[in-house]
Structure formats: structure tokens, C-alpha cells
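Peer 1: Below is a structure I'd like to ask you about.
The values are calculated or read from the model by the stated rules, or taken from the named source; none is laboratory data. Only a predicted model underlies this, so the values are computations on that prediction, with no experimental measurement involved. Note: ideal-geometry Cβ built from the backbone for every residue, glycine included; neighbour counts use all protein chains shown.
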Amino acid sequence: MSGSDQEDVHRTVERVARESYGRLVAYLSSHTRDVAGAEDALSEALIAALKTWPRGGLPRNPEAWLLTTARRSLIDFMRHQRVVLASEPTLLLLKENSTEATLATQFPDERLKLLFVCAHPAIDLAMHTPLMLQTVLGLDAARIAGAFLIPPKTMGQRLVRAKTKIRDGGIRFEVPQDRELPERLGAVLEAIYAAFGIGWDDVAGTDQRGRDLAEEAIWLARVLLQLMPDEAEVHGLLALMLHCEARRAARRGPKGQYVPLSQQDPNQWSLPLMEEAERHLDEAARHGRSGRFQLEAAIQSVHAERARSGRIEWAAIVRFYEQLVRISPTLGTYTGHAAAVAEASGPNAGLAVLDAIESGLANGYQPYWAVRAHLLQRLGKRPEAMDAYDRAVGLAEDRAVREFLLQKRG
Amino acid sequence: MQFALLIYESPEAFATRKKDENDLYTGAWRAYYKALVEAGVYVGGDPLEVPETATTLRVSEGKRRVQDGPYADTKEQLGGFVVLELPSLDVALDWAARCPTASSGAVEVRPLAPETKRRVSE
């Protein structure tokens, strides 16, 4: 087999792994509740694919091939573990399903259940997003660890612990019923948004940590939307992320310098992404149920409007923030609200909003200090402004943001 | 518990020490130091002179060997350290990420070893 054929096989395995990983893990673990076992079995199947496919040619249905192979090693493993008694029904189930006839057709997509399992209230909140990234997208612990600023070994151990809890803790693979649904769906949406990274839409500060996971988060939201097309907030979340993603190219100047949203060149924004975001926002509105992500997306939509009108409707942004503060009173929301109020009604009014935040709460929150510094500067209070800029600079992680703030500080 | 942030700087970062005080890197460090002190986590620390000023000594088989320059021959060199009082490694990594040197060199986070200190000092 020639080198280029080898590359073909590698690419196919990569593509199938990327597209089918979550589907396969979800399907395999929905029977056993053993996510780690399903992942191990699947990675063995992927290794086997890399060995066999170059010799025997690509199977007609690569996904089905992986499923059969993974299932076989899962059954072997369970036999080996002599957990026969307890798992007899599971073994039967796996075996019954593993006929080629079944595999030629579709197997059920259980990713929605897996997403709800990852964001289950019994699982440590901090692990919801890492679990999703690993089990649904197949990202490795080291990459997830980097994004969350956790040592890779520790992240690996926490993931193992969470999966053990899923297996042994009686967490069921199911989509929650009506009464439970809003809250449980909220946790899934929060976890996806956490992957996208906080601070995309903030005013003068940003947190880079989640940045390289933005595309993965959008992928997750698309998966979720495919499975729950009638949930307004799922559309809202996707709209929010697409609006922010549309501005990726405009967020940095030619020398890598930070460009705040209000100074970005709208010509650099991606029109197709903005249009897609607007379609989802319209779709969400049709369901007549407002929510946090729709409001945040609406704020971004007003900013996007500048591409057409050349101006920012700050009054509209303030109105959306007023609603947002009521349903999602976070430090980020208050800070965004203050910045919008300052644009609409002057820096004193903005400062008043900031001053209403309980003192001490914002000590370690960089965007708060960046906005505060900016407003004090506009009021000509130079020493106080410089002090606030120092706080913001000292808390910034991103070099471009740090330099932007230092230059404004003067 | 206490953590040391060991600051490994690039030659370019060392070079900024000769520039005036309005240099961005220096300004960022000034703000970072202030943030550490205001957060109440700063215990101590100091910058070190540039690596060219280092002299490394070894004694093996009774022979003293003295070498110009630092112990490790790497591009980034130890440029200083900060000791912080923090509840956990997670928080230490948060502070390390904010360190201006993290985006141009590297910051190594290490817990201090009070047990070992006790064994040699008592």
C-alpha cells in the first residue's frame, strides 16, 4: 500500500472518529453506564482500524465497523472481569444487537442522554464541561487541562472519578422529563457555554482560557440543537456563540494587538456567521420563551447591527441588560450593564451601577476593573483611574489585553 | 500553603531591564505585583540579576570547578521568584497565568517544602 493510501486511511479514521466518537461512546455506554469502558473499547477499535483498514481496504460502513469491534472488546472485557452475573442482561443486549443486519442500518443516537449525564446535578459542577468535551468530542485530558488551567494529571484523575460516579452512582441515561427539563437543560447549556470561554463579549477585558475550545463548543451546541430543535434557549446559545465567533478575525489588530468590540472593523466580521446567528435568534423568538442566552444573543445582535447602520443602539442594549440582570445576576452581567449604561447615559450613571455591586465581590474580576478604570478616566479622575487600570492589568491573563490596558492607562 | 512561582524569562524580557520604566513589560509586572499584594497573597520574592552575572560551582573528587554563567544552559533562564500564600494549586495556577512572564517565557509553580525545612533546621 502506498504512502498516500496510508494517509487516506489515517484521514478517514480521524474523520470517522471526529464525527462518530460521541455517537459511539453514547450508544455503547447507554447500555452499561460505563463511559470509561466504552471509551477504552472505542480507542481499541480505532487502533484496530488503523491496522486493518490499510490492508483490507476501507469498510463500507466505517462507523458500523468501529461499533462492532468496540462492542466485541467490551464484551471480552466484561467476561474477563467475571462480572457475568451482574451484567448478564447487558451482555445479552450487546450481543443481540451486534448482528451485521442491525449495523447496516442506523443505531440510535444517544448523545442527548450522554449530554444530560455529563451535566447531571450529582456530578461536580466544575466537571460538566470537561466530561462533555471528552466523552462527546473525544478530546484528550491534556488539552482539556490546558483550557481549564489544571495540571493534566489532575484533570485525568478528576475525569476518571466523574466517570466512576456515573457508572456506580446510579445516574440514569435518560432525557429528563418535563418538570425537570428546564433546570437540567440549563446545566447542559451552561456547560457548553463554559467551553466557549467567558469574556468573548466583554467590554475591555477578556479571558483567553477557553478560546481554543470555541469551535468545539459550537459543535456541541449544533449537536444539541439537532437533538432538541424546539428549545428556544438552545437556539439562543448557538446564536450568541455564532455572533461572537463571527468577530474572531476582528478581535486582533495586524500586530496582534487587542481591539475592543466598539472599535472593531465590521468589514472583518463574518457575514455568513452573523446571518446564521440571526436566523437562530428569530427561530428562538418564535417559541415565545425568553431566556438568558437569548438575551445575551440579542445584545450581540445589536452590536452586529453596527455593520449595517454604523452606530450602536446603546439604549436597546441597556434594556436587554436590565432583563438579563433580573434572571442572571452575575458579576459579568452587572459589569456589562454598567458599561452599557455609561454609553447610554454617561460615565457617572455607569459608575453608579458598578458601585451597587457588593464591595469585595469584584476584587479578582478583571473586566470590572477595566470598565471602572475607563469610566474614571472619562470623568478625568486620573489617580483613581490609574489605580483601577493597575488592578485590571494585574488580573489580566492575555498579553494583548494587558498591553491595551497599559496603553490606555498612560 | 505556600507556593513559589519560578519566573523563567526570555533574553528579550531580560533586555527590558535596561529600558525605562514606562516599558510595557515592566508596567505589567508593576501591576501584577500590586494585584498580588492587594489580594493579600504575596509573601515575598525577588528578581535575580541577568544570567550572565551567574557563576556556577561544583566540587567533585575534591576538585573545585567554577563555570561562568548559569547552571542550566537553556534559552529561558530563571529571572526571579515570588512566594505566595494560597489555598491550592488551582489558585496558584490562576495567579501564574496572570504573571506577565507566562506569555513570553514560562512560570514554574512549586509548593514550598516546610517539612524538609524543618528536618534541616531543627
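Peer 1: Does A:GLN407 fit the bill of being within 25 Å of A:ASP265 (Cα to Cα), in contact (Cβ under 8 Å) with a residue 12 or more places away in the chain and among the polar types (S, T, N, Q)?
Peer 2: Numbers: within 25 Å of A:ASP265 (Cα to Cα): yes; in contact (Cβ under 8 Å) with a residue 12 or more places away in the chain: no; among the polar types (S, T, N, Q): yes.
Answer is no for this residue.
Peer 1: Moving on to the next point. With more than 30 Å from A:HIS235 (Cβ to Cβ), free of Cβ contacts under 8 Å to residues at least 60 places away in the same chain and within 14 Å of chain B (Cβ to nearest Cβ) as the only criterion, which of A:GLY350, A:GLY346, A:GLY360 stands out?
Peer 2: Result: A:GLY360 is the single residue among A:GLY350, A:GLY346, A:GLY360 that is more than 30 Å from A:HIS235 (Cβ to Cβ), free of Cβ contacts under 8 Å to residues at least 60 places away in the same chain and within 14 Å of chain B (Cβ to nearest Cβ).
Peer 1: Here is a follow-up. Restricting attention to the stretch A:369-410, which residues are in a helix (DSSP H, G or I) and more than 13 Å from chain B (Cβ to nearest Cβ)?
Peer 2: A:VAL371, A:ARG372, A:HIS374, A:LEU375, A:LEU376, A:GLN377, A:ARG378, A:ARG382, A:PRO383, A:GLU384, A:ALA385
Peer 1: With the condition kept exactly as written, say whether any residue in the stretch B:84-94 is of a type in the set (Asp, Glu) and either modelled with pLDDT of 95 or more or in contact with a strand residue (DSSP E or B) (Cβ under 8 Å, 6 or more places away or on another chain) (or both). If you could, list the steps in order and put the result at the bottom.
Peer 2: Taking the stretch B:84-94 and keeping what is of a type in the set (Asp, Glu), we get B:85, B:90, B:94.
Restricting the remaining residues to those that are either modelled with pLDDT of 95 or more or in contact with a strand residue (DSSP E or B) (Cβ under 8 Å, 6 or more places away or on another chain) (or both) gives B:85.
Checked the stretch B:84-94: at least one residue is of a type in the set (Asp, Glu) and either modelled with pLDDT of 95 or more or in contact with a strand residue (DSSP E or B) (Cβ under 8 Å, 6 or more places away or on another chain) (or both).
Peer 1: Okay, moving on. Hey, can you tell me all the residues within the stretch A:1-52 that are in contact (Cβ under 8 Å) with a residue 40 or more places away in the chain and of a type in the set (Ser, Thr, Tyr)?
Peer 2: A:THR12, A:SER20, A:TYR21, A:TYR27, A:SER29, A:SER30, A:THR32
Peer 1: Another one. Go through (1) out of contact with any Asp or Glu (no Cβ under 9 Å at 6 or more places or on another chain); (2) closer than 27 Å to B:GLY40 by Cβ; (3) not hydroxyl-bearing (Ser, Thr, Tyr) for A:GLU322 and report which single condition fails.
Peer 2: (2)
Peer 1: Let me ask you something else. For A:ALA232, work out the one condition from (1) in contact with a Lys or Arg (Cβ under 8 Å, 6 or more places away or on another chain); (2) farther than 21 Å from A:THR330 by Cβ it doesn't fulfil.
Peer 2: (2)
Peer 1: Okay, moving on. With the condition being more than 13 Å from chain A (Cβ to nearest Cβ), I'd like the helices (runs of 4 or more DSSP H) fully within the stretch B:1-114 carrying at least 2 qualifying residues. Give the derivation first.
Peer 2: Details: elements: B:11-15, B:24-38, B:89-98.
Ranges flagged: B:11-15.
Peer 1: Something else about it: Take the residues in the stretch A:217-233 that are in contact with a Phe, Trp or Tyr (Cβ under 8 Å, 6 or more places away or on another chain) and either surrounded by fewer than 16 Cβ atoms within 10 Å (Cβ to Cβ) or free of Cβ contacts under 8 Å to residues at least 60 places away in the same chain (or both), then tell me which one is farthest from A:ARG279 (Cα to Cα).
Peer 2: Result: A:ALA217.
Peer 1: Can I ask one more? Within the stretch B:8-39, which residues are in contact (Cβ under 8 Å) with a residue 40 or more places away in the chain, over 19 Å from A:ALA370 (Cα atoms) and out of contact with any Ser or Thr (no Cβ under 9 Å at 6 or more places or on another chain)?
Peer 2: Passing the criteria: B:PRO11, B:PHE14.
Peer 1: How many residues does the stretch A:116-153 hold that are more than 24 Å from B:ALA92 (Cβ to Cβ), touching a residue at least 60 places away in the same chain (Cβ under 8 Å) and surrounded by fewer than 18 Cβ atoms within 10 Å (Cβ to Cβ)?
Peer 2: Adding up the residues that qualify gives 1.
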